[in-house]
Amino acid sequence: MNWGRDLVQKTIIALGVLAFLAPLTLVGCAQQRQWAKRGLNQAEFDQDAARCKREAAKATYQDPFAYEAGQGQGLERTIAQEKVFEQCMYSKGYRLESSPSGK
């Protein structure tokens, strides 16, 4: 019976779940922002956003069979994808603005 290792594993899992859930409690308090670009309709925005999402996915792709597979996954990869997505949207002329309703 290796209860010490089990306890450590359960503690790590619990901390991981807590680290994931804690920011979600703040979502309601955060100021909501949206992408805006003058003279653009929803269909054009959807196309641009889809292109930027694809670009972000390609930029952060990692071969699962690479020597260092597993590096840069999870939260790190998500943050990197978000940065690439934002840079792509900015390059297309979009700006992040506060939502009109203030929510």
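From the list ALA57, ALA49, exactly one residue is surrounded by 12 or more Cβ atoms within 10 Å (Cβ to Cβ), at pLDDT 95 or above, in contact with a helix residue (DSSP H, G or I) (Cβ under 8 Å, 6 or more places away or on another chain) and of a type in the set (Gly, Ala, Ser). Which is it?
Working: ALA57 fails: at pLDDT 95 or above.
Answer to the selection: ALA49.
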Among the residues of region 76-103, write down those that are modelled with pLDDT of 95 or more and of a type in the set (Ser, Thr, Tyr).
TYR90, SER91, TYR94
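The values are calculated or read from the model by the stated rules, or taken from the named source; none is laboratory data. Just so it is clear, the model here is predicted, and its values are computed rather than measured. Here the Cβ is made from the backbone with ideal geometry for all residues, glycine too, and neighbour counts use every protein chain on show.
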